[in-house]
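This report refers to the structure that appears directly beneath it.
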Amino acid sequence: MHLAKVAIGLLTAGAIAIGAAAAARAQPAPGAPPAVGIVEATKRPITETSEFLGRIEAVNRVNVVARVTAFLEKRLFNEGAEIKKGDELYRLERGPFEADLASKKALVAQLEATLENAKLTTGRARTLLGGPAGQQSTYDAALASERSLDAQVLAAQAQVQSSQINLDYTDIRSPIDGKIGRTAVTEGNVVSPGSGVLTTIVSQDPMYVTFPVSVRETLALRERYATRGGVNAVVIKIRLPDGRLYDQAGKVDFINNTIAQNTDTLTVRGVIPNPTLHDPSTTDGPVRELTDDEFVTVMLEGVQPVEVLAIPRSAVLSDQQGDYVFTVGADNKAEQRRIQLGQSTPTVAAVISGLALGDKVIVEGLQRVRPGQPVSPGPASPLIQSSLKAASDGRMQVDSSGGGDGAKPAGKSP
């Protein structure tokens with residue numbers, strides 16, 4: 001029985017050995033190096049764009065208030081309409097002010113008549129000084145009376161001027177061109193300087209756009225454009241709340257001189273045109289795109305494109321250490337290159353460091369590539385090459401809203 005067990009064990013071991021040898025014979029030989037598509041890192045023009053959140057502000061804003069106390073007789077504007085400088089907005093009761101002005105003018109006339117008589121008296125006293133009946137004291141008294149009346153006339157004329165000003169205040173007119181808001185007081189009410197704002201007027205064309213810029217981004221923008229013309233090297237474009245790109249471009253006209261401590265940002269302001277969209281006669285008044293206090297996306301766009309080292313975005317991979325690509329070396333072995341990305345688009349990545357002009361970057365077949373592995377390189381597909389060419393021909397626009405170093409890679413490490 002013992003010998004039988006030994007024989008069975010030997011037979012089992014032999015069967016296992018024969019099976020292993022058969023499996024080894026069935027195993028295919030190692031395959032050829034994986035085929036990959038490559039592109040060369042080349043210089044391409046890009047238009048740099050930095051995005052910020054901002055608000056539209058009117059260049060001029062006027063809060064209309066009453067300058068005198070009177071009944072409001074009539075409102076002479078349509079709420080929400082565009083008005084011109086000098087247009088009459090409100091008409092206040094004029095009667096009391098007209099009566100006051102007439103009274104002041106009468107007083108001036110009375111004093112001027114008295115002054116004329118005083119001048120005659122002074123002249124006679126001066127003539128009598130040459131004869132025995134003349135007295136110096138009489139002449140001095142007449143001269144003093146004349147000068148006193150002259151001063152009274154001047155004071156009365158000033159009162160006339162003051163009354164005329166108050167009368168003019170009963171016609172409340174617009175000091176600027178702009179769009180007028182709703183009225184806070186209706187006809188028949190008494191208004192006064194203490195009544196508050198009657199209505200508000202905001203100018204329409206051009207408009208301001210203000211936006212905060214972080215200190216970090218401010219330094220990046222200064223370094224980027226300081227040697228290329230400063231603020232004159234950028235234009236302002238706006239993306240409206242509905243996602244449309246506004247068809248007018250503006251320019252930076254003011255940078256604040258103090259950083260806000262609570263947000264660590266610097267306020268930047270630009271000016272941008274706001275023309276009418278349609279013929280006012282067909283739209284019941286002017287219609288404009290931008291509105292005061294509107295929330296928009298502000299884009300600072302470089303006037304001239306810059307040359308950057310660019311590769312397809314799909315070639316960029318990432319792991320916990322950062323971004324990297326695979327390149328093909330002289331011996332057709334895959335090499336891992338750590339790179340730093342600059343401003344990029346969904347299809348093209350701008351490389352700040354880690355690659356050199358002419359490096360062969362693997363863009364297709366990445367899932368089969370490992371560092372140091374031999375590969376079989378070939379040209380990338382026409383789709384990849386055409387996307388790069390289209391980006392170059394169209395002066396591809398990039399976004400640096402992440403501060404210039406936050407570009408997101410399109411791939412992940414295999």
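Brief remarks follow.
- Leu89 long-range amide H proximity, modeled H, under 5 Å: Ile172, Arg173, Ser174
- FRET efficiency for the pair Ala155 and His278, taken as 1/(1 + (r/R0)^6) with r the Cβ-Cβ distance and R0 = 41 Å, rounds to 0.10.
- Computed over the alpha carbons of segment 231-307, Rg followed by Dmax gives 15.5, 49 Å.
- Within the accessible area of segment 72-213 (1.4 Å probe), percent carbon and sulfur: 51
- Rounded accessible area per residue of segment 101-153, 1.4 Å, Å²: 65
- For segment 276-355, the fraction of alpha-carbon pairs in successive 10 Å shells from zero, as %: 14, 28, 18, 14, 13, 9, 4, 0
- Cβ-Cβ FRET estimate between Ser148 and Thr69, R0 fixed at 22 Å, reported to 0.05: 0.05
- For Val65, the amide hydrogen comes within under 5 Å of the amide hydrogens of Leu198, counting only partners 5 or more places away or on other chains and with H modelled in the peptide plane.
- Backbone amide hydrogens, once placed in the peptide plane, bring Ile38 within less than 5 Å of Val363, Gly378, Ala380, excluding anything fewer than 5 places away on its chain.
- Sequence-ordered 3J(HN,Hα) estimates for segment 166-174 from the Karplus curve with 6.51, -1.76 and 1.60 and θ = phi - 60° stand at 4, 5, 5, 5, 6, 9, 8, 10, 6 Hz, glycine and proline given as x.
- With contacts taken as Cα pairs under 8 Å and at least 6 residues apart, segment 117-200 reaches a relative contact order of 20 percent.
- In order along segment 176-191, phi translates into HN-Hα couplings of 9, 7, x, 9, 9, x, 7, 8, 8, 10, 9, 4, x, 8, 8, 10 Hz, rounded to whole numbers, per the Karplus curve 6.51 cos²θ - 1.76 cosθ + 1.60 with θ = phi - 60° and x for Gly and Pro.
- Taking a ≥ b ≥ c as the square roots of the eigenvalues of the alpha carbon gyration tensor, segment 84-189 is prolate, as a/c is not under 1.5 and a/b beats b/c.
- In terms of the mean number of neighbouring beta-carbon atoms within 10 Å, the peptides 52-62, 257-267, 105-115 order highest first as 52-62, 105-115, 257-267.
The values are calculated or read from the model by the stated rules, or taken from the named source; none is laboratory data. For clarity, every value in this text was computed on a predicted model and none was experimentally measured. Cβ atoms come from the backbone with ideal geometry, glycine included; neighbour counts cover every protein chain shown. Only protein heavy atoms, including side chains, enter the accessible area calculation; ligands, DNA and RNA are left aside. Shrake-Rupley method; radii C 1.70, N 1.55, O 1.52, S 1.80 Å.
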